[in-house]
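Enquirer: Okay, handing you the structure first.
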Amino acid sequence: MKSIRLVASVIACAVSATAGAASDFPSKPLKLIVPFSPGGPTDTVCRIIANKLSSVVSQAVVVDNRDGAGGAIGARAAASAPADGYTLLCASTSTLAILPALKSNLGYDPVKSFTPIALTGSSPLVMVVSSKRNFKTAGDLIAFGKANPGTLNYGSAGVGTPPHLAAELFKSIAGLDITHIPYKGAGPAFNDLMAGQIDVLFAATSILSSADKSRVTPVLVTAPTRSKRAPDVPSAGEAGLASFAFSSWNGIVAPSGTPSHVIEVLNRAVNRTITDPDVRRDLEKQGYEVEALDAGQFQAFVRTEFEKMSSIVKRLDATVRE
């Protein structure tokens, strides 16, 4: 009987310790690594979330921008951080799906190196062209590109980012030869598009809110039907590219090995954050649709997205030569 009581006591203490650990987290500020430069779509979304998340968890949430290598530098930093829930990664289609599909020597694994916490939003992209080219529609660009192969170029937010692969998929479907010019973030690429230094850019629909319509022209969104966030821009289907569909997403992940009770706390906190009416409104202004998933659902989502992007890369025989 004594041994039974002893075992029961040990179990009770263990349960109590776990519950205590869960209630104590977080007890200090959180760091949210954004693997892109300040001012870009991912940075903007993560800062919106960080501002509200800090009040939800009653701790400061510090945004740490570590850009470069298409998001790989920041992702590696997050993957190698202590698995205690205090260092998180603002992950995206690029860091957990596209870039790992393109390169095998990233220094992290999109599935094994992280534990997904929550999806924070997803959105189609918009294809924008420089007004210097005087293209009014995607059809105009395609016709010119076919008649003048190799003369057009497109910018992207970096190698392995959604705009990069979206453009490569567009090139394949449209049968065009367009030169890739990678940038360190969407902001610098958009500035050069506005200045007429590049011809084409795929970007988040939120970029339209700051676009000078006399300098750039949106010609399609990367979806079969029009986007609620860009209702005046033709869909890929309307442009005669019905098979062209591509979306971008963001989410929060932690280093692999982070305790499950910490993940549960963070999942509830992030979902409470993104479903807050003011935050939802701000995210929708950035072109994102909000969907609250539990950690398991987001984990399945990440795995599916990686497999989907790997399939696209394989089909396009896309390689990184930049």
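The values are calculated or read from the model by the stated rules, or taken from the named source; none is laboratory data. Here the structure is a predicted model, which is why all the values come from computation and not from measurement. Here the Cβ positions follow ideal geometry from the backbone for every residue, glycine too, while neighbour counts run over all protein chains shown.
Enquirer: Exactly one condition in (1) part of a helix (DSSP H, G or I); (2) at pLDDT 90 or above is not met by Ile312; state its number.
Expert: (2)
Enquirer: Moving on. Which of the residues that make up the stretch 47-67 are out of contact with any helix residue (DSSP H, G or I) (no Cβ under 8 Å at 6 or more places or on another chain) and part of a loop (DSSP other than H, G, I, E, B)?
Expert: Listed by number, the residues that qualify are Ser58, Gln59.
Enquirer: Among the numbered criteria (1) more than 14 Å from Pro41 (Cβ to Cβ); (2) touching a residue at least 40 places away in the same chain (Cβ under 8 Å); (3) within 22 Å of the chain's Cα centre (by Cα), which single criterion is violated by Ile181?
Expert: Against the list (1) more than 14 Å from Pro41 (Cβ to Cβ); (2) touching a residue at least 40 places away in the same chain (Cβ under 8 Å); (3) within 22 Å of the chain's Cα centre (by Cα), Ile181 comes up short only on (2).
Enquirer: So Val219 ticks every box in (1) farther than 30 Å from Ala72 by Cα; (2) surrounded by fewer than 21 Cβ atoms within 10 Å (Cβ to Cβ) but one. Which box is left unticked?
Expert: Result: Val219 fails condition (2) only.
Enquirer: What strands (runs of 3 or more DSSP E) completely inside the stretch 93-197 contain at least 3 residues that are under 23 Å from Gln286 (Cα atoms)?
Expert: Those strands (runs of 3 or more DSSP E) span 114-130, 152-156.
Enquirer: Follow-up question, since we're still on this one. Need pairs with beta-carbon distance below 7 Å; first residue at positive phi and within the stretch 228-247, second not in a strand (DSSP E or B); sequence gap 6+ or separate chains.
Expert: Taking only residues 6 or more apart or on different chains, the pairs are Gly240/Gly139.
A quick yes/no check of all residues on (1) of a type in the set (S, T, N, Q); (2) surrounded by fewer than 22 Cβ atoms within 10 Å (Cβ to Cβ); (3) in the same structural domain as Val57 (by TED's automatic domain parsing); (4) under 21 Å from Leu169 (Cα atoms):
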position	(1), (2), (3), (4)
Gly196	no, yes, no, no
Leu201	no, no, no, yes
Ile207	no, no, no, yes
Asp212	no, yes, no, no
Arg226	no, yes, no, yes
Asp232	no, yes, no, no
Val253	no, no, yes, no
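Enquirer: Checking Leu106 against (1) modelled with pLDDT under 95; (2) surrounded by fewer than 24 Cβ atoms within 10 Å (Cβ to Cβ); (3) under 21 Å from Ala203 (Cβ atoms); (4) among the hydrophobic types (A, V, I, L, M, F, W, C), only one condition comes out false. Which one?
Expert: (3)
Enquirer: When only residues in the stretch 206-251 that are of a type in the set (A, V, I, L, M) and in a helix (DSSP H, G or I) count, which is farthest from Ala97 (Cα to Cα)?
Expert: Leu208
Enquirer: Quick check: anything in the stretch 84-91 assigned to a loop (DSSP other than H, G, I, E, B), at negative phi and out of contact with any Lys or Arg (no Cβ under 7 Å at 6 or more places or on another chain)?
Expert: So far as the stretch 84-91 goes, yes, one or more of its residues are assigned to a loop (DSSP other than H, G, I, E, B), at negative phi and out of contact with any Lys or Arg (no Cβ under 7 Å at 6 or more places or on another chain).
Enquirer: Hey, another quick one. Mind checking whether some residue in the stretch 281-288 is in a helix (DSSP H, G or I), buried (at least 16 other Cβ atoms within 10 Å of the Cβ) and either touching a helix residue (DSSP H, G or I) at 6+ places or on another chain (Cβ under 6 Å) or of a type outside the set (Asp, Glu) (or both)?
Expert: yes
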